[in-house]
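Following: one structure in structure tokens, then a few remarks.
The values are calculated or read from the model by the stated rules, or taken from the named source; none is laboratory data. It should be emphasised that the depicted structure is a prediction, and the values quoted were computed from it without experimental measurement. Neighbour counts run over all protein chains shown; Cβ positions are idealised from the backbone, glycine included.
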Amino acid sequence: MNASNVKDFTPNELNRRLEEQYTEIARLAGGLAHEVKNPLSTIRLNMGLLEEDVEELDDTPQRRRVLKRIETVKRETLRLEDLLNEFLNFTRAHNLELTAADANYELKEILDFFRPQATAANVEILEYFANDLPTIRIDKRSFDRAILNLLLNALQAIKGKEDDNSKGEILVRTRPCGSEVAIDLIDSGCGMSDETLQKIFEPFFSTKIGGTGLGLPTVRKVIEGHGGRIAIQSEVGRGTQFTLTFPAIPRIPAT
């Protein structure tokens with residue numbers, strides 16, 4: 001190739017081209033995931049109908065084997081559908097519509113929804129919300145899903161603690177942080193090793209049996225899509241803290 005025909009791109013042009021390529025790949029991947037979901041739904045529906053037909057047969061070893069295999073297919077189909085849904089959320093995480101919101105109000109709504117599940121697991125929710133917190137911009141659906149994902153992870157970490165059956169705690173705190181708003185989510189769960197912390201945001205990495213490994217990478221993409229950051233501190237046996245920071249909307253001076 002003639003060197004004179006090679007175009008030199010500025011950093012901004014290169015970033016724009018990479019963003020366009022990523023958007024196109026995400027669009028194609030999302031379309032493929034939708035196409036796969038349709039036959040999966042058909043398979044799951046027909047396996048349910050087949051199960052009803054087999055259950056009407058006389059009880060024999062063969063009937064029990066068939067029912068067991070049907071149950072396996074249904075379970076794996078459901079797992080694939082969950083994986084596809086997580087993947088679609090991951091590909092959409094950069095496409096956000098931001099509007100002004102009160103972080104305290106949004107968190108209270110999420111916690112009201114989550115609290116019954118925490119209470120059933122003997123986990124107490126502690127709230128420390130700063131007064132006069134600056135307004136931030138959020139995509140409500142993605143923001144709520146990201147916070148709920150972190151809360152569910154905290155709940156599972158507390159359940160996974162092997163020391164005793166004592167009451168667990170999840171602390172949710174907001175605070176102004178310079179020109180940003182910080183949200184801390186702190187749990188008293190089993191914590192994570194340094195090796196796990198290094199991989200925790202890698203797509204498809206999971207420490208859970210049957211986990212998709214897309215939950216935390218999606219949370220990270222959502223937070224960064226808001227112009228924010230996510231940080232994590234953890235210690236095995238003591239718990240984990242996630243800190244999310246979002247740009248605050250500048251206030252008009254009183255004068």
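Since R115 meets every condition but one in (1) among the basic types (K, R); (2) under 27 Å from I186 (Cα atoms); (3) touching a residue at least 12 places away in the same chain (Cβ under 8 Å), which condition does it not meet?
The single condition R115 does not satisfy is (3).
Mind checking which residues of region 165-174 are in a strand (DSSP E or B) and either touching a Cys at 6+ places or on another chain (Cβ under 7 Å) or not acidic (D, E) (or both)?
G168, I170, L171, V172, R173, T174
Could you identify the single residue in R16, R44, R27 that is surrounded by 11 or more Cβ atoms within 10 Å (Cβ to Cβ), among the charged types (D, E, K, R) and at pLDDT 75 or above?
Selected residue: R44, the only one of R16, R44, R27 that is surrounded by 11 or more Cβ atoms within 10 Å (Cβ to Cβ), among the charged types (D, E, K, R) and at pLDDT 75 or above.
For the subset of region 82-138 comprising residues that are charged (D, E, K, R) and in a helix (DSSP H, G or I), which member is nearest to the chain's Cα centre (by Cα)? Working first, answer last.
The first filter runs over region 82-138 and keeps only residues charged (D, E, K, R), leaving 82, 86, 92, 97, 102, 106, 108-109, 112, 115, 124, 127, 132, 137.
This time we only want the ones that are in a helix (DSSP H, G or I), so: 82, 86, 92, 106, 108-109, 112, 115.
Details: D82: 12, E86: 8, R92: 12, E106: 17, K108: 19, E109: 18, D112: 19, R115: 18 Å.
Filtering first and then ranking leaves E86.
Which one of N122, N85 is modelled with pLDDT of 90 or more and not charged (D, E, K, R)?
Answer to the selection: N122.
For region 175-185, check the following and say yes or no: at least one residue is assigned to a loop (DSSP other than H, G, I, E, B) and surrounded by fewer than 19 Cβ atoms within 10 Å (Cβ to Cβ).
Yes: region 175-185 contains one or more residues that are assigned to a loop (DSSP other than H, G, I, E, B) and surrounded by fewer than 19 Cβ atoms within 10 Å (Cβ to Cβ).
Considering only region 186-233, state which residues are surrounded by 21 or more Cβ atoms within 10 Å (Cβ to Cβ), more than 13 Å from the chain's Cα centre (by Cα) and either not assigned by TED's automatic domain parsing to the domain that holds K161 or not in a loop (DSSP other than H, G, I, E, B) (or both).
D187
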